[in-house]
Amino acid sequence: MKIGPYEYDAFIDKVREFHGSVAPGIVAGGIMVDIARDRLPEGEFFDVICESQHCLPDAVQLLTPCTIGNRWLKIVETSRYALTFYNKYTGSGVRVFLDAGRLGDWPAIRAWFLKEKPKKEQDLQEILEEFQRAGRGIYGVEQVKVKEEFLTVPQHRRSAIALCPSCNEAYRSDLGDECPACRGLGPYR
Ligand SMILES: [Zn+2]
């Protein structure tokens with residue numbers, strides 16, 4: 001089985017290099033990216049939504065030009081293990097999800113996916129072998145229409161920049177009279 005342009009084992013190496021460890025979720029995610037892509041019209045531009053911030057975004061960033069930074073990849077956290085490739089003008093897309101109902105024959109994947117066992121009791125090698133043998137058989141696919149608000153340019157891209165009167169750093173003036181950090185919303189103590 002190949003994932004993107006990579007042989008299975010080469011993809012595992014890529015995941016280790018990119019993500020820092022071999023997370024089973026990225027391997028599943030890579031297979032999901034391939035399933036979605038194969039259903040899309042050839043040569044069409046697409047955006048991607050990941051419904052979980054765990055692992056899935058890294059699979060997309062490894063295998064497609066869509067990244068968080070270029071905003072062709074968005075995370076809409078529903079915590080479901082699913083991704084959608086969609087046409088950013090029409091909103092028509094393909095949603096692929098890991099289907100818990102199809103894991104009966106795959107105990108290692110099931111234990112990982114549904115957190116049936118603590119992580120240290122899970123056997124990574126076994127999970128990876130099951131993913132390889134299961135191929136595309138454990139994923140569901142559906143046609144979806146993405147909501148308008150994910151298609152248009154976000155309002156804040158058009159808004160003005162101001163210098164915050166408290167910290168003098170540039171910020172989006174539509175966020176208030178001071179930057180969010182100076183209003184206590186920053187991440188620092
Ligand atoms: Zn400030």
* Give me a count of the residues in the range 7-42 that are free of Cβ contacts under 8 Å to residues at least 12 places away in the same chain and more than 19 Å from ASP99 (Cβ to Cβ). => 10
* Asked: Out of all the residues in the range 137-160, is one or more within 16 Å of the ligand (Cβ to nearest atom) and either more than 23 Å from the chain's Cα centre (by Cα) or of a type in the set (D, E, K, R) (or both)?
  -> yes
* Asked: Mind checking whether some residue in the range 168-178 is in a helix (DSSP H, G or I) and either in contact with a Gly (Cβ under 6 Å, 6 or more places away or on another chain) or at pLDDT 95 or above (or both)?
  -> no
* Structure fact -> Within the range 38-64, of all residues that are modelled with pLDDT of 95 or more and aliphatic (A, V, I, L, M), the one surrounded by the most Cβ atoms within 10 Å (Cβ to Cβ) is ALA59
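Conditions tested, residue by residue: (1) closer than 23 Å to LYS145 by Cβ; (2) hydrophobic (A, V, I, L, M, F, W, C); (3) in a strand (DSSP E or B); (4) not assigned by TED's automatic domain parsing to the domain that holds GLY140.
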site: VAL22; (1), (2), (3), (4): no, yes, no, no
site: GLY25; (1), (2), (3), (4): no, no, no, no
site: ILE35; (1), (2), (3), (4): yes, yes, no, no
site: GLY43; (1), (2), (3), (4): yes, no, no, no
site: CYS66; (1), (2), (3), (4): yes, yes, no, no
site: GLY69; (1), (2), (3), (4): no, no, no, no
site: ARG80; (1), (2), (3), (4): yes, no, no, no
site: ARG110; (1), (2), (3), (4): no, no, no, no
* In this structure, is VAL15 surrounded by 22 or more Cβ atoms within 10 Å (Cβ to Cβ), within 12 Å of the chain's Cα centre (by Cα) and of a type outside the set (Ser, Thr, Tyr)? -> no
* **Tally of residues being surrounded by fewer than 17 Cβ atoms within 10 Å (Cβ to Cβ) and small (Gly, Ala, Ser) across the range 18-37** => 2
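The values are calculated or read from the model by the stated rules, or taken from the named source; none is laboratory data. This is a predicted model, so every value here is computed, not measured. Glycine also receives a Cβ, built like all others from the backbone with ideal geometry; neighbour counts cover every protein chain displayed.
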